[in-house]
1. Here are the criteria: (1) over 26 Å from ILE208 (Cα atoms); (2) without any contact (Cβ under 8 Å) to a residue 60 or more places away in the chain; (3) within 16 Å of the chain's Cα centre (by Cα). Tell me which single one SER140 does not satisfy.
2. Here are the criteria: (1) free of Cβ contacts under 8 Å to residues at least 24 places away in the same chain; (2) part of a strand (DSSP E or B). Tell me which single one HIS246 does not satisfy.
3. Anything in the range 431-447 that is surrounded by 19 or more Cβ atoms within 10 Å (Cβ to Cβ) and among the polar types (S, T, N, Q)? List them, or say none.
4. What is the one condition in (1) more than 21 Å from the chain's Cα centre (by Cα); (2) closer than 20 Å to THR217 by Cβ; (3) not aliphatic (A, V, I, L, M) that THR101 does not satisfy?
5. Any idea which residue in the range 400-417 is surrounded by the most Cβ atoms within 10 Å (Cβ to Cβ), counting only those that are touching a Ser or Thr at 6+ places or on another chain (Cβ under 9 Å) and under 11 Å from ARG300 (Cβ atoms)?
6. Being β-branched (Val, Ile, Thr), open to solvent by 20 Å² or more (accessible area, probe 1.4 Å), modelled with pLDDT of 95 or more and over 25 Å from LYS256 (Cα atoms) narrows it down to one of VAL428, VAL450, so name that one.
7. Which condition does ARG64 not pass, out of (1) touching a Gly at 6+ places or on another chain (Cβ under 6 Å); (2) open to solvent by less than 80 Å² (accessible area, probe 1.4 Å), if it passes all the others?
8. Restricted to the range 103-114, and to residues that are open to solvent by 10 Å² or more (accessible area, probe 1.4 Å) and of a type outside the set (S, T, N, Q), which residue is farthest from VAL324 (Cα to Cα)?
Amino acid sequence: MKNDWPLPPFLDGSPKLLLIDGQLVPAASGKTFKTYNPSTGQVLAEVAEAGPEDIHRAVGAARRAFEGPWSKFKPFDRQAVLLKLADLLDQHFEELSTLDTLDMGGPIARTAAGRRRGIALLRYYAGLATATHGHTIENSVDGHVFSYTLKEPVGVVAAINPWNGPLGLAIWKIAPVLATGCTMVLKPAEQAPLSPLRLGELCLEAGIPPGVINVVTGFGEAGAALAAHPDVDKIAFTGSTEVGQHIVRASAGNMKRVSVELGGKSPNIVFADADLDEAVPGAAMAVFNNSGQICSAGTRLFVERRIHDEFVERVAAFAKTLRVGDPLDPQTQLGPLVSDAQLERVTGYLATGKTEGARALSGGGRITEGALAQGYFVAPTIFAGVNDGMTIAREEIFGPVISAMPFDDVDEVIRRGNDTPYGLGSGVWTRDISNAQRVSRGLRTGTVWVNCYQAMDPAVPFGGYKMSGYGRESGTEHMEEYLQTKAVWLKSK
């Protein structure tokens, strides 16, 4: 493994503190926890472990900021700090992307490639900050009664994020909060808290008032306290469906606004007429990107029967060419899983797939030899001989594992594609525009990618159907998640 890569200044050996009301403070309990480098299993940093008292302090700071100095910022002012934050993100992106690579194992080539998207998100929402407006409404009430609507910020937002994209997901939550005039308490995942903490510091440098963005690190206790806090007006959660259900229940105490982006078991459908030279790497990287740790990964690969065997063999051959290794090496394409717990989960599914009769055409287990043996590395795996009832075809694995299955006709594959409690992403590979349109309309998923996969843009909404959650991120739809609509009736004499 490489050991000469310079550590970011943020990793200076000091404990990483909570960001509350513009100040870096230890947890009230004094507790800390360790965050690990998944490539080596070694400790990266000690991080403050927030508890309910810290959550209460952070929510209080967010409320004071919302009702105080932040409420005086005009749309132009909010736009200005978003643009300043975008510039700071650009300036510090190498540091931030390296933190993500060290903390959660994403290959540096991938985390560094997030620069454009991160900057684009902040600048897109900066534009929307000055474009929010209500409507005048012609009503039918007798007399001189004028009616119109106002768009107002929801208030204090609790943002709870997973570990598979620490920096990008933090930006995705922070940007609409700033654009709409809300305030936030962000709890990043305990497995990868470093880049969100550093981003919080940059928010202050951008001129965002203390208390507008607070970052608290910790475990489930902190997240539960945040979700249930009576002075939180909205929860924005990305993570597992199981945790999302707990959060929805916790929101009932004061009827919080909730948006949740949850798990997936996405169908990726390849027709015989597809451009196979594009579809092979497309189908592979729809799952193997980020070592399969993407909620919308196309893990159920449906291939038209007459090309199934050839296509699956080609995907397996492609998988064997992928470079698994040190994520700090720019040539690495797949890094480790985020933790030993995730490694145990994924290898458990690999064993289950084999027990139930699936055949691993590539990969199939942990990498246990050479320089990678101490890390949490799993070889990219494609299973053949899978049927719809197998565990690996039903449950979200969140690792580099594809389950390939044949299909015979369009109606069948739409039905089977929808035969899941999830509905986040999906893919279709075909030259036939009729099939593309028919399948796109038939699949009950929030996104359908045709002849591509995982394309994203700040202007295009993203979110799920069914157990994959509700609410949308990106696009103008995202702004609505953070705004209230107030009706005003004005009678004149």
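1. Looking at each condition in turn, SER140 falls short on (3).
2. (2)
3. Listed by number, the residues that qualify are ASN435, THR445, THR447.
4. Of everything listed in (1) more than 21 Å from the chain's Cα centre (by Cα); (2) closer than 20 Å to THR217 by Cβ; (3) not aliphatic (A, V, I, L, M), THR101 misses just condition (1).
5. The qualifying residue surrounded by the most Cβ atoms within 10 Å (Cβ to Cβ) is ILE402.
6. Details: VAL428 fails: open to solvent by 20 Å² or more (accessible area, probe 1.4 Å).
Result: VAL450 is the single residue among VAL428, VAL450 that is β-branched (Val, Ile, Thr), open to solvent by 20 Å² or more (accessible area, probe 1.4 Å), modelled with pLDDT of 95 or more and over 25 Å from LYS256 (Cα atoms).
7. Result: ARG64 fails condition (2) only.
8. GLY114
The values are calculated or read from the model by the stated rules, or taken from the named source; none is laboratory data. As the structure is a prediction and not an experimental result, all values here were calculated from the model. Cβ: placed from backbone, ideal geometry, glycine included. Neighbour counts: every protein chain shown. With ligands, DNA and RNA removed, areas are computed over all heavy atoms of the protein, side chains included. Shrake-Rupley method; radii C 1.70, N 1.55, O 1.52, S 1.80 Å.
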